[in-house]
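The values are calculated or read from the model by the stated rules, or taken from the named source; none is laboratory data. A quick note: this is a predicted structure, and the numbers were derived from the prediction, not measured. Don't worry about glycine lacking a Cβ; one is built from the backbone with ideal geometry, like all the others, and counts go over all protein chains shown.
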Amino acid sequence: MLNWIDYRKELFGRIGEMSKLAPDTVKAYRAMSGAGQKTDTLGAKTRELIALAVAVSLRCDGCITVHTAEALKHGATREEIAEALGVAMAVNAGATLVYSARTMDAVAAYSEDAAK
């Protein structure tokens, strides 16, 4: 599929280039990204599992490679990662269901308007 280790290295190189071009933006991103570490209420492993679920939902390969490495580094197991990804799948399916209901509401509104 993808050489995730090489991809991560290449990604960090490109991020390094971005930090030279837009240092304040990258600095702000890093500050926001590290904010949760200061309180550490959830713990690093849980934060990384959440990050993986979000990364999959956003379809962000860069996020997947970074947060997979970090989740494993902080002791996440394959089973824990799979469960977090299962939550992402369920929430995304739920979102589809919610927006399907909203679409049907729009259909009803347009149908009522057309009947006038």
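Let's see how each residue does on (1) modelled with pLDDT of 95 or more; (2) among the acidic types (Asp, Glu); (3) in contact with a Ser or Thr (Cβ under 7 Å, 6 or more places away or on another chain); (4) exposed (fewer than 14 other Cβ atoms within 10 Å of the Cβ):
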site	(1), (2), (3), (4)
Met1	no, no, no, yes
Arg8	yes, no, yes, no
Glu17	yes, yes, no, yes
Thr25	yes, no, no, yes
Gly34	no, no, no, yes
Thr46	yes, no, no, no
Met89	yes, no, no, yes
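Quick one: which of Val87, Val66 is farther than 24 Å from Lys9 by Cα, touching a helix residue (DSSP H, G or I) at 6+ places or on another chain (Cβ under 7 Å) and of a type in the set (Val, Ile, Thr)? Before the answer, list the steps.
Working: Val66 fails: farther than 24 Å from Lys9 by Cα.
When all the criteria are applied, what remains is Val87.
Hey, among Ala71, Ala76, Ala82, which residue is within 21 Å of Asn3 (Cα to Cα), touching a Lys or Arg at 6+ places or on another chain (Cβ under 6 Å) and modelled with pLDDT of 95 or more?
On the way: Ala71 fails: touching a Lys or Arg at 6+ places or on another chain (Cβ under 6 Å); Ala82 fails: touching a Lys or Arg at 6+ places or on another chain (Cβ under 6 Å).
Of the residues listed, the single one that is within 21 Å of Asn3 (Cα to Cα), touching a Lys or Arg at 6+ places or on another chain (Cβ under 6 Å) and modelled with pLDDT of 95 or more is Ala76.
Scan (1) closer than 26 Å to Ala93 by Cα; (2) at pLDDT below 95; (3) not polar (S, T, N, Q) for the single condition Cys60 breaks and write down its number.
So the condition that Cys60 fails would be (2).
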